[in-house]
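Participant: If you scroll down you'll find the structure; I have some questions about it.
The values are calculated or read from the model by the stated rules, or taken from the named source; none is laboratory data. These numbers come from a predicted model, not from an experiment. Virtual Cβ from ideal backbone geometry, glycine too; neighbours counted across all protein chains shown.
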Amino acid sequence: MGTNLQFISKIYSILPDSGTISCVSPSNIALVKYWGKRPVQLPENPSISFTLNTCTTKTMLKYKKLNQESHDFNFQLLFEGKPKPNFRPKIQSFFERIVAYMPFLKQYEFTIETSNTFPHSSGIASSASGMSALAYCLVQLEKKINPEMSNEQVIQKTSFLSRLGSGSACRSIEGPLTVWGGHKDIEGSTNEYAIKFPYQIHEVFNKYQDTILLVDKGEKQVSSSVGHDLMHGHPFAIKRFEQANENIAKLKTILISGDIDAFIEVVESEALTLHAMMMTSLPYFILMKPNTLSIINKVWEYRKETGSKLCFTLDAGANVHLLYPDSEKELVKDFITRELVVYCQKGQYICDEIGLGAKLL
Ligand code: PMV
């Protein structure tokens, strides 16, 4: 693994004894999808996402300095107030990956208390909000140790460490739109961390809505890390990575001009392409459910009948994200309750909108 010298912290001689840092970090939904990676969590193509507002993880990090540096990491993990042993390995490997950038980690004992605002096992990935929240707290600790860190350094390092935790988590630190992965048309973009979309976004995207229809709340049969790996040697991989680059270029223009019809075309095509990559992997797999397809067809019908600008996207699962302008909020709400709720597990859905990223509490 190449080490990124930019993010290695100095060896600090004075470390605070104990304290607590709390933050909240949101999930995000990709418009152009990241699917396929190289070690360690470097994307094969750039991606762009809306940062969410309501679907968040709240994390409280308690830190206590040890008398002497320990051999391993010392942490306790509480999820919604209770120990969560099956989350430990992920945090342990996260610490292992980031210790090169935070040498003080082994000098502390941590208690990590975390909870999500979205329903437990709703099928909404909590890794983006969860990993970014933890990275956020850790970089805030570093900032206490080294107050000279600039805001820009803090944000970049938080995104960089989040990426090492879970790729797409790096896009949750800022909002309303972030880009992760180097792209020739996006100034400052890099594979190392996400940046805020650096151009003025058209006002039609202000308060853009995302209603997440919970189609299937079960465990996914194929995890995203397995899915990413299956892009190695995938027959369509090279073409797909090229296409994602082209779609970022198109979306840049669309986000600036406010051309929603073009937005719909790129976003829906990206969602279906992501799932097409899954269906054409070896072994092949399908994460959509019959109700996912019913919803998609209903959205298309509704758009045709009403001229609405409602569109859908998908992440690596069966749930459907409905994206639409704030001006259509009431009409879409009626449409959802009238025609789409029947396709949701237990009639559940979450109303969210684009947000501004992680913050200290
Ligand atoms: O960050 P990961 O490894 O969970 O991968 C996320 C992949 C997608 O959600 C399907 C796409 C994306 O860009 O968020």
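Participant: Please state which of the following conditions residue 100 fails to meet, knowing it meets all the rest: (1) out of contact with any helix residue (DSSP H, G or I) (no Cβ under 8 Å at 6 or more places or on another chain); (2) within 13 Å of the ligand (Cβ to nearest atom).
Facilitator: The number of the failed condition is (2).
Participant: Just the residues that are touching a Ser or Thr at 6+ places or on another chain (Cβ under 9 Å) and surrounded by fewer than 15 Cβ atoms within 10 Å (Cβ to Cβ), please, taken from the stretch 308-332.
Facilitator: Across the stretch 308-332, the qualifying residue is only 331.
Participant: Output the number of residues of the stretch 17-41 satisfying the condition of being touching a residue at least 12 places away in the same chain (Cβ under 8 Å), more than 8 Å from the ligand (Cβ to nearest atom), in a strand (DSSP E or B) and not β-branched (Val, Ile, Thr).
Facilitator: Summing the residues that are touching a residue at least 12 places away in the same chain (Cβ under 8 Å), more than 8 Å from the ligand (Cβ to nearest atom), in a strand (DSSP E or B) and not β-branched (Val, Ile, Thr) in the stretch 17-41 gives 8.
Participant: Let me ask something else about it. Can you pull out every residue in the stretch 159-177 that is within 11 Å of the ligand (Cβ to nearest atom) and hydroxyl-bearing (Ser, Thr, Tyr)?
Facilitator: 162, 166, 168, 172
Participant: Identify, by number, the condition in (1) within 23 Å of residue 9 (Cβ to Cβ); (2) without any contact (Cβ under 8 Å) to a residue 60 or more places away in the chain; (3) surrounded by fewer than 17 Cβ atoms within 10 Å (Cβ to Cβ) that residue 110 doesn't meet.
Facilitator: (3)
Participant: Suppose we filter the stretch 195-211 for residues that are of a type in the set (Ser, Thr, Tyr) and in a strand (DSSP E or B); how many remain?
Facilitator: The qualifying residues number 1.
Participant: Being under 25 Å from residue 35 (Cα atoms), within 22 Å of the chain's Cα centre (by Cα) and assigned to a strand (DSSP E or B): is that true of residue 275 here?
Facilitator: no
Participant: Let me ask something else. Scanning for something crowded, with 20+ Cβ neighbours inside 10 Å and at pLDDT below 95, does the stretch 39-51 turn up at least one residue?
Facilitator: yes
Participant: Among the residues of the stretch 211-252, write down those that are of a type in the set (Val, Ile, Thr), within 20 Å of residue 185 (Cα to Cα) and away from the ligand (no atom under 13 Å from the Cβ).
Facilitator: 238
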